[in-house]
Amino acid sequence: MNSPVLDVPARSAVGRFAHESHRYSAITALERAMSALLGKQAAGGWWVGELQGDSILESEYLLLKWILGQERDPDLRKIANHLRNLQNQDGGWSLYPGGPADTSGTVKGYFALKLMGDDPDSPHMRRARELIRAAGGAEMCNTFTRFYFACLGQISFDSCPSVPPEVVFLPSWFYFNLYNVSAWTRTMILPLGIVTTLRPVRQIPKHLGISELYLDPVTANTLGKPTQSLTWRNAFLWIDGLLKRYEESPIQPLRERALAAAEKWLLDHMEDSEGLGAIFPPMVYILIVLKALGYPDDHAVVKKAHKDLKDFYIEEVDTIRLQPCVSPVWDTGIAMHALADAGLPADSDAAQRATDWLLAKEVRYASDWKKNVGDAEVGGWFFEFQNPHYPDVDDTAMVSMSLKRLGGPRAAAAVERGINWLLAFQNSDGGWAAFDKTRDRPILEAIPFADHNAMQDPSCPDITGRVLECLGHNGFHRDNPIVDRAIRFIRSHQDKDGPWWGRWGVNYVYGTWQVLAGLKAIGEDMSAQYIQRAANWLRGVQKPDGSWGESCATYEDPSLKGQGESTASQTAWGVMAMLAAMGPNDPAVKKGVDWLISTQAEDGAWDEQWFTGTGFPKVFYLKYHLYRHYFPLMALGRYRRMLGGAG
């Protein structure tokens with residue numbers, strides 16, 4: 001029998017019931033998510049979630065300890081256990097879950113486990129070895145990997161790029177100098193400059209080596225020879241050859257002074273910080289440097305450097321995994337922003353404690369960033385617990401915005417300093433970079449040690465969008481010349497299909513959300529054609545179930561943009577982007593919210609196994625364990641607020 005046809009009033013009543021039911025479910029999900037996030041706040045006021053990277057954190061730490069002659073450290077067995085757990089079925093180790101084997105990571109994983117006593121003829125080692133040789137051998141490893149192998153006597157230092165410590169003397173007008181490369185690069189290349197100069201080698205027994213992984217020993221022991229073609233890569237290889245001849249020369253008039261100046265620079269930048277740069281790579285390199293310079297193991301600087309690395313440990317049962325750094329300022333700023341969207345009162349205990357903690361973390365002295373900014377007022381926030389040498393634009397924008405919303409009058413002066421600091425960092429192209437006021441210098445990407453794919457730190461759309469959102473919360477509007485320059489930068493970097501590339505999050509969904517949220521905050525006309533193109537792209541990559549998902553593979557292959565396994569954080573970004581562009585009544589928004597409601601876990605958060613954070617595109621990716629908490633909460637909070645305003 002056919003169902004009766006509802007008359008118009010009945011259909012209207014059904015629609016109202018469905019609408020109210022959906023609204024109630026969204027509010028319930030929001031309240032549960034809010035409670036879950038508040039429960040994660042530390043007594044001291046901050047939030048911090050695990051920051052997860054890939055296997056190189058464990059393998060490089062194991063190699064470090066062997067270089068230092070500390071292979072009897074009892075922690076290493078548990079670290080090796082975790083490294084084994086990360087190996088793929090094909091024998092390789094990947095940059096992110098579900099990704100293909102990475103040659104450099106796989107060689108380091110194999111070498112580390114062999115040093116730790118794994119039988120090279122065991123199945124997991126044999127699979128790794130066969131995969132490495134099929135990929136072209138260990139000579140295909142990137143330059144930063146080769147430094148470890150040279151320090152353990154497996155290859156010559158001639159295969160590593162020369163980084164003369166004299167770079168510490170290069171003036172600011174020189175195209176290549178310490179302050180024209182990214183903040184993280186300068187903390188890595190200066191230690192490596194000392195290493196390539198002193199060439200320390202820990203000789204290990206031959207049977208523990210990895211000669212079986214190399215197909216061509218000659219190639220393995222050279223950096224490469226320039227060809228006849230006129231390219232910057234060839235030019236830098238020619239320069240590297242000259243530098244190596246200089247290394248062999250008995251006449252090096254600046255060498256002793258350069259080593260002393262480089263050592264002082266490094267020690268100065270370790271002051272008041274939780275490690276050099278407060279990130280894993282330079283914190284490892286500095287220990288090799290200190291050993292090469294003759295610092296004893298019981299020296300206070302050496303002991304602190306070891307402790308800073310051990311603070312990255314996460315120990316569970318019989319494993320230890322390492323984090324690449326910690327993210328409390330970032331997590332706390334975003335958590336506050338999300339809670340403000342969810343309606344947390346500024347006078348609540350949670351907001352007050354978080355405000356106190358963030359105000360105490362404001363940077364109050366100048367360091368590297370001052371070289372390119374000049375007379376800017378001191379201010380800003382960093383990413384970690386303690387890293388005052390390196391405040392960054394993204395954290396400063398997020399914290400300034402959050403304190404504006406929840407910090408109250410006592411945060412006003414710090415917020416104003418943060419805004420002034422951000423304004424001083426706008427680049428000449430109208431955009432903002434992460435750590436410095438700078439400009440794009442693509443030639444630097446051809447330098448031999450630039451294969452971490454982040455030699456420099458140019459303006460990017462996602463950070464520019466974040467700054468615009470912050471400025472919008474602080475009274476800036478579309479007609480402001482600073483904002484207008486930023487919009488012109490954003491428009492010039494829009495992908496032909498409509499989205500924006502994400503430098504610091506995966507990937508086009510992230511970049512597009514950041515940009516659209518920023519444009520909405522400063523009062524841009526959201527019906528503009530370029531914005532609607534972005535919204536149409538988001539609508540096109542939304543899955544039938546309402547979710548969004550995008551893989552780290554999109555950095556290697558942009559044709560995959562918008563494709564990947566569904567995640568809560570990326571769905572939240574998609575929802576917020578569509579809210580900004582289309583408003584709360586757009587069907588794509590409702591579908592995304594419904595997906596978040598239906599997939600919320602019992603603890604009030606969401607399950608998320610995939611990596612959605614970006615460290616160095618194509619090289620290093622991240623999983624922020626609180627992304628599954630605060631971004632869905634932020635999306636639900638904005639949805640409720642905008643839906644209420646829309647009636």
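Across segment 354-368, computed HN-Hα scalar couplings (Karplus, 6.51 cos²θ - 1.76 cosθ + 1.60, θ = phi - 60°) run 5, 4, 4, 5, 5, 4, 6, 9, 4, 6, 10, 8, 8, 9, 3 Hz from first to last residue, x flagging Gly and Pro. Amide H contacts under 5 Å for T614: G505, V506, L622, restricted to partners 5 or more places along the chain or on a different chain, H placed in the peptide plane at 1.01 Å from N. Of D349, D331, the residue with the largest accessible area leads and the full order is D349, D331 (1.4 Å probe).
Over the chain, what is the mean sequence separation of C-alpha contacts under 8 Å (at least six apart), divided by residue count, expressed as relative contact order in percent?
This gives 16 percent for the chain.
With θ taken as phi - 60° and the Karplus curve 6.51 cos²θ - 1.76 cosθ + 1.60 applied, the whole-hertz 3J(HN,Hα) list for segment 334-350 is 5, 4, 5, 4, 5, 5, 5, 4, 7, x, 4, x, 5, 8, 5, 4, 4 Hz, x standing for glycine and proline. At a 1.4 Å probe, what is the % contribution of carbon and sulfur to the accessible area of the chain? Exposed carbon and sulfur together represent 55 percent of the surface. Under the convention that each Lys and Arg Cβ holds +1 and each Asp and Glu Cβ holds -1, the size of the dipole of the chain around its Cα centre is about 640 debye.
Among the listed pairs K520/K623; K404/K520; K65/K108; K496/K561, a Cα-Cα separation exceeding 21 Å is found for K520/K623. Among A581, S25, P164, whose Cα lies farthest out toward the positive end of the dipole of the chain, if unit charges sit on the beta carbon of Lys, Arg (+1) and Asp, Glu (-1)? The listed residue farthest towards the positive side: A581.
Across segment 479-571, the relative contact order, built from alpha-carbon pairs under 8 Å that are at least six residues apart, equals 24 percent. Think of it as helices only: each DSSP H run of n ≥ 4 in the chain is worth -39500 (n - 2.57), and spread over all residues that comes to -16000 deg cm²/dmol at 222 nm. Normalised by the number of residues in segment 504-623, the average gap of Cα pairs under 8 Å and 6 or more apart makes the relative contact order 31 percent. Accessible surface of E212, taken over heavy atoms with a 1.4 Å probe and every protein chain present, rounds to 50 Å². Normalised per residue, the accessible area of the chain is 39 Å², obtained with a 1.4 Å probe and no contribution from ligands, DNA or RNA.
Put K264, K591 in order of accessible area, highest first, and with a 1.4 Å probe you get K264, K591.
Here the Karplus relation 6.51 cos²θ - 1.76 cosθ + 1.60, evaluated at θ = phi - 60°, turns the backbone of segment 67-83 into coupling constants of 4, 7, x, 10, 6, 8, 4, x, 5, 5, 4, 5, 5, 4, 4, 5, 4 Hz, with x for every Gly and Pro.
State, to one decimal in nm², a quarter of the convex hull surface area for the C-alpha atoms of segment 570-647, i.e. the direction-averaged projected area.
Spelled out: convex hull of the Cα atoms, projected over all directions, averaged, 5.8 nm².
Residue ranking by accessible heavy-atom surface, 1.4 Å probe, largest first, among Y313, Y148 comes out as Y313, Y148.
Hey, if you put +1 on the Cβ of every Lys and Arg and -1 on every Asp and Glu Cβ in the chain, which of N177, Q52, T103 ends up farthest toward the positive end of that dipole? About the Cα centre, the residue reaching furthest to the positive side is N177.
The values are calculated or read from the model by the stated rules, or taken from the named source; none is laboratory data. Nothing here was measured: the structure is a model prediction, and the numbers come from that model. For neighbour counting, all protein chains shown are included, and Cβ atoms are generated from backbone atoms with ideal geometry for every residue, glycine included. These accessible areas exclude ligands, DNA and RNA; they are computed on the full protein's heavy atoms, side chains included. Shrake-Rupley method; radii C 1.70, N 1.55, O 1.52, S 1.80 Å.
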